[in-house]
Amino acid sequence: MTSKSADAPDPGSAATGNGPAVSRREFDALFEAVRTWGRWDPADRGAWNRVTADHVRRATAGVRSGTVVPLALPWNTRPGPDNRNPALHHMTDLGDVESPEPSTHKDFIAADYHGKGITHLDALCHIAYRGQLYGGRTAGDAVGSSGARFGAVSTLGPLVTRGVFLDLPAVLGIRWLEPGQAVHAQDITAAEKALDVTIGEGDAVLLRSGHVRRRTELGAWDPDTASAGFHVDAVPLLAERGIALLGGDGDSDVRPSPVEGVHSPVHALAMAAMGVPLLDNLDLEALSAATAEAGRYEFLLVVAPLNVPGGTGSPVNPVAVL
């Protein structure tokens with residue numbers, strides 16, 4: 001991977017480094033190669049079936065300092081190029097209507113969270129490819145106006161497992177990856193070597209591109225146009241390692257997409273082919289500092305989505321425990 005200058009505030013449509021280009025035929029062959037349909041029961045928990053009680057015990061036993069690092073962005077109610085549908089938050093009770101004591105303060109929150117402004121978990125019903133959800137269910141039959149009947153977030157439940165942190169800017173000695181920069185399989189293995197960590201069965205893999213730091217220093221941009229993330233050629237390695245969850249400070253896909261006619265190819269491969277849910281829009285800056293101080297890039301990860309029957313995902317505040 002080659003780094004770029006971090007001076008330009010607007011990546012726009014000029015982003016490069018997202019290649020090599022992948023044809024639709026090549027992508028479909030890759031989809032078949034990493035597909036795990038029919039492997040687990042219940043199928044709509046997908047790769048979370050990999051996380052057994054033994055995985056949880058081993059992940060918990062790896063906690064050393066007890067340092068707790070939350071990984072969610074603040075609830076984002078401000079419109080911007082990366083937050084076209086701002087979250088809602090308003091007060092419903094200011095403590096001036098109750099009698100007798102005590103007074104009560106109440107508020108309301110809501111979000112169209114499948115965007116770039118809210119940290120959230122994608123359930124398996126969120127993504128279909130060629131009209132099919134994970135396991136071959138027809139999307140039109142499984143998801144309707146009342147929600148999903150397969151692959152809902154309520155079926156996933158909470159996840160407690162080992163997290164592995166791929167802090168690419170730390171490895172490369174730069175502030176961030178420029179939007180549009182792809183992360184390849186060789187970048188993953190190089191990061192593993194540099195950070196002395198190895199991705200294993202049932203792990204959650206979190207990629208830091210430095211997105212949040214870049215936004216803080218240079219301002220917001222449209223990540224649908226340009227964002228750092230995984231190239232599809234990294235997915236076979238992640239599939240071979242048997243990961244349970246994939247996430248990052250973007251949405252895991254490099255943008256622009258290198259695959260003709262597929263705007264979110266890593267989403268399609270991870271969820272529709274492999275049954276791996278995604279964590280989008282994490283704030284990994286505090287985790288970067290904490291792991292650097294500890295000198296270790298593995299931790300206990302806890303992800304507890306809201307229990308929304310039929311939901312396609314959930315806002316979430318994942319927690320890393322070192």
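The values are calculated or read from the model by the stated rules, or taken from the named source; none is laboratory data. Remember, predicted model here, so these are calculated numbers, not experimental data. Cβ: placed from backbone, ideal geometry, glycine included. Neighbour counts: every protein chain shown. Areas reflect the complete protein model, heavy atoms only, side chains present, ligands, DNA and RNA absent. Shrake-Rupley method; radii C 1.70, N 1.55, O 1.52, S 1.80 Å.
If each DSSP helix of 4+ residues adds -39,500 (n - 2.57) and the sum is divided by the residues in the chain, what number results at 222 nm, nearest 500 deg cm²/dmol?
Rounded to the nearest 500, it is -5500 deg cm²/dmol.
Place the peptides 242-254, 63-75, 89-101, 40-52 in order of packing, highest mean first, counting for every residue the other Cβ atoms within 10 Å and averaging per peptide.
242-254, 40-52, 63-75, 89-101
Shape verdict for the stretch 87-230, please, from the Cα gyration tensor: rounded (a/c under 1.5), prolate (a/b greater than b/c) or oblate.
In terms of gyration-tensor shape, oblate.
If you take the square roots of the eigenvalues of the alpha-carbon gyration tensor of the chain and sort them as a ≥ b ≥ c, do you get rounded (a/c under 1.5), prolate (a/b over b/c) or oblate?
Since a/c stays below 1.5, the shape of the chain is classed as rounded.
Peptides 224-237, 18-31: what's the order by average Cβ count within 10 Å, highest mean first? Please list the in-between numbers first.
Values: 224-237: 23.1, 18-31: 14.7.
Descending packing order for the listed peptides: 224-237, 18-31.
Can you work out ³J(HN,Hα) from phi for every residue in the stretch 19-34, in order, using Karplus 6.51 cos²θ - 1.76 cosθ + 1.60 and θ = phi - 60°, giving whole Hz and x for Gly and Pro?
Coupling constants for the stretch 19-34: x, x, 5, 10, 6, 4, 5, 5, 5, 4, 5, 5, 4, 5, 5, 9 Hz.
What is the dipole size for the stretch 23-73, taken about its Cα centre, with +1 at each Lys and Arg Cβ and -1 at each Asp and Glu Cβ, in debye to the nearest 20?
Dipole about the Cα centre, nearest 20: 200 debye.
Which whole-number value in Å² is the accessible area per residue of the stretch 26-115, probe 1.4 Å?
Details: 5910 Å² over 90 residues.
That works out to 66 Å² for each residue.
Towards the positive end of the charge dipole of the chain, with charges on Cβ (+1 Lys, Arg; -1 Asp, Glu), say which of LEU124, SER146, THR36 has the farthest Cα.
Positive-most Cα among the choices belongs to THR36.
Rounded, prolate or oblate: which fits the stretch 217-298, taking a ≥ b ≥ c as square roots of the Cα gyration tensor eigenvalues, rounded meaning a/c under 1.5, else prolate when a/b beats b/c? Show your work: numbers first, answer last.
Working: a/c = 2.38, a/b = 1.20, b/c = 1.99.
Judged from the Cα gyration tensor, the stretch 217-298 comes out oblate (a/c at least 1.5, b/c at or above a/b).
How much of the accessible area of the chain, in percent, comes from carbon and sulfur atoms when a 1.4 Å probe is used?
51 percent
Between PHE230, HIS211, ALA190, whose Cα lies farthest towards the positive end of the dipole of the stretch 181-248 when Lys and Arg beta carbons carry +1 and Asp and Glu beta carbons carry -1, centred on the Cα centre?
So the residue we want is HIS211.
Only four residue types carry charge here, +1 at the Cβ of Lys and Arg and -1 at the Cβ of Asp and Glu. Report the dipole size of the chain about the Cα centre in Debye, rounded to the nearest 20.
In total the dipole reaches around 640 debye.
Place the peptides 281-289, 145-153 in order of packing, highest mean first, counting for every residue the other Cβ atoms within 10 Å and averaging per peptide.
281-289, 145-153
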